[in-house]
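Let me begin by presenting the structure, written as structure tokens, before commenting on it.
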Amino acid sequence: MAPPGDGLGPSAYREIFEGVNEAIFVHDLAGRIVLINARTCAMYGCTREEALRLSIADFSLDESPYGQREAIANIDRARAEGEYAFEWRSRRRDGSLFWTEVALRAFDLDGRPHVMASVRDIDARKHIEASLRASEERFAKIFNATSTMLAFTERAQGRIIDVNEAWLAAAGARRQDVIGKTGTELGLWADAADRGRILEALEERGHVREIEAELVMGGRTLPARISVEYIEMHGERYLLWELGDLSEHKRAERDQEHLRTQLLQSQKMESIGQLAGGIAHDFNNILSTILGFGDLVIRTLPAGSKEATYVAEIVRAGERASELTKQILAFSRKQVMQPRVVDPVEVLRGMEAMLRRLIGEHIALELALAPATSPIRVDVSHLEQAIMNLVVNARDAMPDGGTLTLETANVDFDGSYASTHADALIGPHVMIAVSDTGLGMDAATRARAFEPFFTTKGPARGTGLGLSTVYGIVKQSGGWVWLYSEPGRGTTFKLYFPRSGQSGDALEPLSDAAWSHVRPQVDTIVLMVEDDPQVRLLVATILGGAGYTVLVAGDPREALEMSGSYAGDIDLLLTDVVMPHMSGRQLADKITAARPNTRVMYVSGYTENTIVHHGEVDEGVNFLSKPITSSRLLGMVARVLARGAPEGGTP
């Protein structure tokens with residue numbers, strides 16, 4: 001043994017060389033092996049004598065990127081830098097391949113340059129890494145294939161590590177634009193307090209299950225059901241967010257509540273009608289006795305006598321009561337009808353002169369009667385009575401003058417519309433609309449408008465049976481009534497009657513029937529502005545289901561903000577006419593000033609002629625009159641967007 005301070009002896013170095021757990025090759029720059037250790041023989045399956053007859057290339061895959069050229073480059077780099085490490089595909093003497101980690105070190109031996117290669121077997125580790133990658137790829141596919149929105153975030157600041165395809169689709173974003181951002185930076189939370197509320201619950205319970213909150217994704221606010229849990233990875237805690245879109249669920253709940261309200265109202269009207277009909281029937285019997293015996297008494301009294309005068313007053317009162325009874329019977333749909341197939345346009349034209357006298361000179365009467373309006377089967381006298389009642393109400397709602405508009409049109413109701421309107425029936429109908437520019441009604445008045453004896457007129461100015469009579473006449477004829485009104489904006493009554501199948505004339509084809517099946521071009525953007533949430537949801541659902549990308553705004557100010565911040569083109573502005581803050585026309589003027597290529601389409605519960613009189617839109621604009629059906633909406637939108645489509649018209 002060498003004394004301290006004199007270094008290790010040759011035998012000690014030899015023991016170290018042979019005892020290390022790595023294969024060691026020493027070779028010259030031509031690759032000829034001059035020295036190996038015992039571990040090399042075990043790792044490569046060769047004898048020492050065999051290895052010393054071979055070149056270093058004989059222990060390699062010798063195919064790019066593990067070939068002779070790459071090996072020489074690695075040696076040159078080791079000589080330049082002193083040492084160099086890399087991974088390499090090595091070959092055992094039996095031909096099997098395995099992964100190794102090689103560290104090259106350049107040095108001089110006997111005055112000539114040589115290289116020492118220290119080789120470690122990493123084949124097991126590489127197989128484990130490959131298995132992990134395959135496992136991660138499988139989980140990534142599952143992560144992105146699920147329809148539930150998933151987000152993987154860090155715990156501290158909530159920065160997004162990854163999101164799945166469903167999340168990106170809902171947000172209308174690219175992965176590279178959201179990775180590394182927080183939900184707050186992306187404007188994800190409609191109410192910032194919701195995030196804190198959810199994280200507090202997570203800290204308390206260790207997980208969160210189905211907390212509801214509103215998120216802002218893809219330019220729209222959507223109700224969401226949120227679940228969060230901790231995920232342990234590499235010794236760190238992360239958060240996995242599961243987001244469920246509740247829009248359809250909430251819409252179904254609202255539709256169900258809306259239908260329930262309509263059903264209750266319809267049942268109430270039906271019950272009142274049955275009660276009123278029964279009372280009117282019995283009351284008619286009583287009136288018959290009063291009037292009959294009153295006439296007999298008058299005949300027995302001297303003409304002009306005081307007694308005869310008293311009885312005559314009783315008879316006149318009974319006759320007035322009889323007229324009220326007829327109105328009650330009309331509401332209860334128990335009148336004796338004599339229906340026949342008629343042309344509604346001819347009926348209204350026949351009433352024109354009488355109606356002009358009735359409303360007076362301070363009110364303008366306009367008729368917008370479609371010449372191809374289909375025939376209907378009604379009792380003409382009852383139809384005339386219904387029109388008269390509506391016209392009288394319209395006149396009284398315009399004490400300072402205005403415009404009264406009568407319209408007719410063919411309409412067709414589909415299943416989507418009938419499913420959200422309790423009284424509506426699927427199929428072709430004829431609409432008769434009576435619109436005024438008068439005082440209008442608030443929501444409370446509209447809710448009771450058709451109830452018998454309900455009136456907003458002063459004492460001795462109305463019985464409260466006018467609209468209930470209209471309701472009964474239309475219902476008894478197999479149709480239904482739709483009311484649209486706002487305070488200060490006027491009122492529109494639309495009477496819908498089934499088209500008669502007894503006429504030999506062909507029904508007017510709907511101008512949008514062929515257009516309703518036209519699909520939008522790729523990325524057709526529609527900015528829809530509607531202050532009524534039910535209508536807003538309906539239009540967005542119809543257009544979205546047809547393939548349009550819909551930006552939804554609840555009022556004009558929100559629409560202007562969306563238009564200003566949206567980077568792409570907006571192909572169509574679809575807006576209600578009467579809205580808070582500004583009208584649809586004013587909104588359209590502002591948006592088209594900034595976006596001259598954006599087309600405009602108006603929607604309103606008022607009829608087109610009434611809207612033109614209000615000055616809210618110009619004649620000849622693209623206009624769709626409510627109520628909305630999917631075929632009419634899609635057809636009109638397709639026509640407006642089509643190149644060279646004619647402007648204006650009501651489908």
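The values are calculated or read from the model by the stated rules, or taken from the named source; none is laboratory data. Note that this is a predicted model, so its numbers are computed, not measured. A quick note on method: Cβ atoms are made from the backbone with ideal geometry, for glycine too, and the neighbour counts reach across all protein chains shown. Only protein heavy atoms, including side chains, enter the accessible area calculation; ligands, DNA and RNA are left aside. Shrake-Rupley method; radii C 1.70, N 1.55, O 1.52, S 1.80 Å.
If you go through region 461-484 and keep only what is part of a loop (DSSP other than H, G, I, E, B), at pLDDT 75 or above and surrounded by fewer than 21 Cβ atoms within 10 Å (Cβ to Cβ), you end up with just Gly478. Residue-level check: of (1) open to solvent by less than 30 Å² (accessible area, probe 1.4 Å); (2) closer than 23 Å to Trp482 by Cα, Ile363 misses just (2). Scanning region 562-582 for residues that are loosely packed, with under 15 Cβ neighbours inside 10 Å and either closer than 26 Å to Lys250 by Cα or touching a Lys or Arg at 6+ places or on another chain (Cβ under 7 Å) (or both) yields a total of 2. Looking only at region 90-101, decide whether some residue is open to solvent by 60 Å² or more (accessible area, probe 1.4 Å), on the phi < 0 side of the Ramachandran plot and small (Gly, Ala, Ser). The answer is no, given that none of the residues of region 90-101 is open to solvent by 60 Å² or more (accessible area, probe 1.4 Å), on the phi < 0 side of the Ramachandran plot and small (Gly, Ala, Ser). Checking region 492-504 against the condition returns no match, with no residue being open to solvent by 60 Å² or more (accessible area, probe 1.4 Å), within 23 Å of Asp412 (Cα to Cα), at pLDDT 75 or above and assigned to a loop (DSSP other than H, G, I, E, B).
Which one of these does Lys181 not meet: (1) assigned to a helix (DSSP H, G or I); (2) without any contact (Cβ under 8 Å) to a residue 24 or more places away in the chain; (3) within 25 Å of Glu558 (Cβ to Cβ)? Of (1) assigned to a helix (DSSP H, G or I); (2) without any contact (Cβ under 8 Å) to a residue 24 or more places away in the chain; (3) within 25 Å of Glu558 (Cβ to Cβ), only one is false for Lys181: (1).
Is it the case, given these coordinates, that Leu404 is buried (at least 16 other Cβ atoms within 10 Å of the Cβ), within 19 Å of Leu495 (Cα to Cα) and at pLDDT below 90? So Leu404 fails the test.
As for region 512-529, it holds no residue that is surrounded by fewer than 16 Cβ atoms within 10 Å (Cβ to Cβ), in contact with a Pro (Cβ under 7 Å, 6 or more places away or on another chain) and either polar (S, T, N, Q) or modelled with pLDDT of 85 or more (or both). Close contacts from region 215-230, counting a first residue that is closer than 18 Å to Ala192 by Cβ and a second that is open to solvent by 40 Å² or more (accessible area, probe 1.4 Å), with Cβ to Cβ under 6 Å and a gap of 6+ residues or different chains, come to Val216/Ala190; Thr221/Ala190; Thr221/Glu214; Leu222/Asp245; Pro223/Glu214; Pro223/Lys250. Flag set for Gly158, criterion: open to solvent by less than 30 Å² (accessible area, probe 1.4 Å) and either at pLDDT 85 or above or farther than 19 Å from Thr221 by Cβ (or both).
Looking across region 296-341 at every residue that is at pLDDT below 60 and in a loop (DSSP other than H, G, I, E, B), the one that is most open to solvent (accessible area, probe 1.4 Å) is identified as Val336. For region 40-149, the helices (runs of 4 or more DSSP H) that sit wholly inside it and include 3 or more residues that are more than 30 Å from Arg225 (Cβ to Cβ) and either modelled with pLDDT of 90 or more or more than 60 Å from the chain's Cα centre (by Cα) (or both) are 48-52, 68-81. Meeting the requirement of 2 or more residues that are small (Gly, Ala, Ser) and in contact (Cβ under 8 Å) with a residue 24 or more places away in the chain, the helices (runs of 4 or more DSSP H) wholly within region 515-609 are 556-565, 584-594.
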